[in-house]
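Undergrad: Just passing along the structure, written as structure tokens.
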Amino acid sequence: MKRYLKLLSVLSIVAFVGVACGGGGGSAQTSTPASSSGAMQPGGTLRVGTPADISGGWDPAKEYEAIAWELYRCCLTRTLMSYKGVAGAAGSVLYPDLASAPPTVSSDQLTWTFHIKPGIHYGPPFQNTEITAQDFITALGRLSSPEGSAGGYSFYFSPIKGFDQAKGDPTKITGASAPDPHTLKIQLTQPTGDLGYRFATPATTPVPSEAAKGHIKDYGRFLISTGPYMFEGEQSLNFKQSPSSQKPVAGYQPNRSWILVRNPTWVKEKSTDSLRGSNAFVDRIEVAVGGQEADLDNKVEAGALDVCYGCAPLPQTIQKFETDPNLKGQLHADFADAFRYLAMNLAIPPFDDIHVRKAISYIVDKDGLRRARGGPVTGEIAGHNIPDTLENDQLKGFDPYATPNEAGSLTKAKDEMKQSKYDTNGDGICDASECKNVLTITDHDPPYPDQNALLVSDLAKIGITLNVKSGDRYTFMYAKCQDPKAMAAFCPSPGWAKDYPDASTFGIPLFSSAGIGSSDYSLLGASSSLLSKDGYKVTNVPSVDDKVNQCNGETGNQRVTCWANLDKFLMTDVVPVVPWLFDKTLNIVSSRVQNYTYDQDGSEIAFDHLALAGGGA
């Protein structure tokens, strides 16, 4: 299934509407019940395994991983705007959540006003505290702190007056005000057509001011729920004590477990939640952190787990679930509005040379990488950066580095390398010392070792040897690749899903200087002063900041076209990454799971829709 999105007028509401049509996708199921269900029965414990902990510690101000975002949306938090948690076009439509209606927008697009539903309360111990406009300003204040939002996505809120200058002090965000307890007014420094989407991200979840005190770095362990679930033990949090004396919530044990139980406040007030009020079937969600993905998949097959969350099933596992009639319907594959790519640090030789980057684009065996991942069911070969669904198909089929059978071309790669200063004798081989032992930071879990071996072989054909360092995906790979000081030259295993249904969520975090230190692994747009401060010998790298800013100010079809043109320019004139797969999210669930539903916004399984056979009995 492919989805086509069209931006509507921001003067009414920033939202996308899509049209679904048939397309390739393998034989796996797509957003259909895993078993015959009839009426969903509430109750039971959903048993989940995930290979590794998330890196942001469940703090909404800095948590930037898809698996966390889905659990925020479905379960732990509510925001002014949100989504229904369903697949396809309907899953990308923006709705009021804590807001009582879509925001009103001034004619110059610089003033946005949100009205907040009255009478909605936090989870315990703040069950008697009403959510008000000031709580969103408190959240923005936390988000404005460089220390508290490190590794996150605070750059999305820079257009708010005073945000970048606030440095953690909400009173200095002059563009955020509360004329009354149920009205939030946002004033911008520049038109930002997708602001409604930005206020659907977890970072804007309201925060009680008392809970925020003293927790600029570790609020995730003291998170106060607004959604159907909360971390077990949340009711025992004691904010009367000094922050250093407070005991964190019991239901989140870093690197061990996440345990979610029903939020009694939400249960009492669920009629105020039109997006989740008829769902949230299970009583308890137990997530065990750690373990090899293959072992977790085996536990799902055996019925010891219900979901392997954030997993990438091995090729043999995919084949088994696709072909074994006893496992029919338990493997689900859904397009994720996402891509997988190889990131090259433009401030580290030999990647400071565009001809080297283009040569790598030609030599990579993209189909081999896909086979190592599990074959066509895992996605479609990518020829550019932004998924077609976010560009209204304007670049569909565009691939300036296409090769026969997507297997790579040594001839084309050598022809490109001959133009590089790192090929000293013009034979198409990168023979300078900078081409040897290139620091490569990657994931150590399958399928990445097999993919890494293929890349080592491919790049060696044009003289580039890799010094591969591998570790945990979140606490090692992402942490190293996003830190300029780590000087990771080559990061071949990241994937990127949209933050919301707009191409800006690729353009801003991945390809502008705003994403440096978080998601711009190529250091595209880095200033000379930053490069010097962090010890780089390369003093200048390309920038597309001006083009990103131009596109972000556009609306309607002009906005979509602008991002498509930037995507094309990146592929031909900059080449900071090698896109290789428009990704599908693969989920394997146990036979107990009913009403499997995919959340198109979060690009993950929608836990609020899942039910267990017989209510988990």
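The values are calculated or read from the model by the stated rules, or taken from the named source; none is laboratory data. Because the structure is predicted, anything quoted here is derived from the model rather than measured. Neighbour counts are summed over all protein chains in view; Cβ atoms, including those assigned to glycine, are modelled from backbone coordinates with ideal geometry. The protein model used for the area step is the full one, side chains on, heavy atoms only, and it has no ligands, DNA or RNA in it. Shrake-Rupley method; radii C 1.70, N 1.55, O 1.52, S 1.80 Å.
Undergrad: Using a basic spin-label model with each label point 7 Å from the Cα along Cα→Cβ, how many nm lie between M487 and F398?
TA: 3.6
Undergrad: Determine the shape class of the stretch 382-538: with a ≥ b ≥ c the square roots of the Cα gyration tensor eigenvalues, call it rounded for a/c under 1.5, and otherwise prolate if a/b is greater than b/c, oblate otherwise.
TA: rounded
Undergrad: Could I ask something else about it? Which residues does a label at T45 reach in the stretch 241-276, if reach means a backbone N under 19 Å from a point 7 Å past the Cα toward the Cβ?
TA: Correct set: 250-264.
Undergrad: May I pose another question? By the gyration tensor of its Cα atoms, with a ≥ b ≥ c the square roots of the eigenvalues, what is the shape of the stretch 77-121: rounded for a/c under 1.5, prolate for a/b over b/c, or oblate?
TA: Note, shape of the stretch 77-121 comes out oblate.
Undergrad: Right, something else. Please work out the FRET efficiency for the pair T171 and S527, using the Cβ-Cβ distance as r and a Förster radius of 25 Å; give the result to the nearest 0.05.
TA: Calculated transfer efficiency: 0.25.
Undergrad: Next up: Using r as the Cβ-Cβ distance of S245 and N557, and R0 as 41 Å, what FRET efficiency do you calculate, to the nearest 0.05?
TA: Using R0 = 41 Å, I get an efficiency of 0.15.
Undergrad: Run the reach check for K268 against aspartates and glutamates, Cα to Cα strictly under 16 Å, same-chain hits fewer than 8 apart removed. What comes back?
TA: Output for K268: E130, D283.
Undergrad: Which aspartates and glutamates does K172 reach when only Cα atoms under 12 Å apart count, and residues fewer than 8 places away in its own chain are ignored?
TA: List returned: D164.
Undergrad: May I ask you to give the solvent-accessible area per residue for the chain, in square angstrom, as obtained with a 1.4 angstrom probe?
TA: 34
Undergrad: For the pair K469 and A178, how long in nm is the line joining their label points, each one 7 Å along Cα→Cβ?
TA: The modelled label-to-label distance comes out at 4.5 nm.
Undergrad: Calculated FRET efficiency, N238 and E130, Cβ-Cβ r, R0 22 Å, to nearest 0.05?
TA: 0.60
Undergrad: Please determine, in degrees from 0 to 90 and to the nearest 10, the orientation of helix 293-302 with respect to the longest principal axis defined by the Cα atoms of the chain, where the helix direction is its Cα long axis.
TA: The helix 293-302 is inclined about 50 degrees to the chain.
Undergrad: Based on the mean of other Cβ atoms within 10 Å per residue, sort peptides 289-300, 76-87 so the most packed one is first.
TA: Packing proxy ranking, top to bottom: 76-87, 289-300.
Undergrad: Further question on the same structure: Mind ranking 171-178, 259-266 by how tightly packed they are, going by the mean number of other C-beta atoms within 10 angstrom, highest first?
TA: 259-266, 171-178
Undergrad: Enumerate the calculated ³J(HN,Hα) couplings along the stretch 441-454 in order (Karplus 6.51 cos²θ - 1.76 cosθ + 1.60, θ = phi - 60°), each rounded to whole Hz, writing x wherever the residue is Gly or Pro.
TA: Ordered by residue, 3J(HN,Hα) equals 10, 8, 7, 8, 8, x, x, 5, x, 5, 5, 4, 4, 5 Hz.
Undergrad: Check T183: other-chain or 5+ apart residues with amide H under 5 Å from its amide H, H built from backbone geometry?
TA: Amide H to amide H, under 5 Å and 5 or more residues apart or across chains, T183 pairs with I116, A133.
Undergrad: Where Rh denotes the Kirkwood radius from the mean inverse Cα pair distance, what is Rg over Rh for the chain?
TA: With Rh from the inverse mean 1/r over Cα pairs, Rg/Rh is 0.96.
Undergrad: Placing unit charges on C-beta atoms (Lys and Arg positive, Asp and Glu negative, everything else neutral), compute the dipole magnitude of the chain about its Cα centre in debye, rounded to 20.
TA: 640
Undergrad: Expressed as an acute angle from 0 to 90° and rounded to the nearest 10, what is the orientation of the C-alpha long axis of helix 556-569 relative to the principal long axis of the chain?
TA: Result, in degrees: 30.
Undergrad: Turning to a different aspect of this structure: Which part of the stretch 576-617 falls in the paramagnetic zone of A304, meaning amide N under 16 Å from the point 7 Å along Cα-to-beta-carbon?
TA: Those under the cut-off are 590-591.
Undergrad: Continuing with this model, one more query. To the nearest 10 degrees, how steeply does helix 354-363 sit against the main Cα axis of the chain, on a 0 to 90 scale?
TA: Tilt relative to the chain: about 90 degrees.
Undergrad: Across bins of 5 angstrom width beginning at 0, how are the C-alpha pair distances of the stretch 166-218 distributed, in whole percent?
TA: P(r) for the stretch 166-218, in whole percents per bin: 4, 13, 21, 31, 20, 8, 2.
Undergrad: Considering the convex hull of the alpha carbon atoms of the stretch 476-617, report its projected area averaged over all viewing directions, in nm², one decimal.
TA: Mean projected area of the Cα convex hull: 11.3 nm².
Undergrad: Right, here's the next one. From the cross-link list K328/K469; K117/K480; K299/K436; K412/K584; K461/K485, which pairs have alpha carbons spaced over 31 Å apart?
TA: As for pairs spanning more than 31 Å Cα to Cα, those are K328/K469; K117/K480; K299/K436.
Undergrad: State whether the stretch 387-472 is rounded, prolate or oblate according to the following rule on the C-alpha gyration tensor (a ≥ b ≥ c being the square roots of its eigenvalues): a/c under 1.5 gives rounded; otherwise a/b larger than b/c gives prolate, and the remaining case gives oblate.
TA: Here the stretch 387-472 falls in the oblate category.
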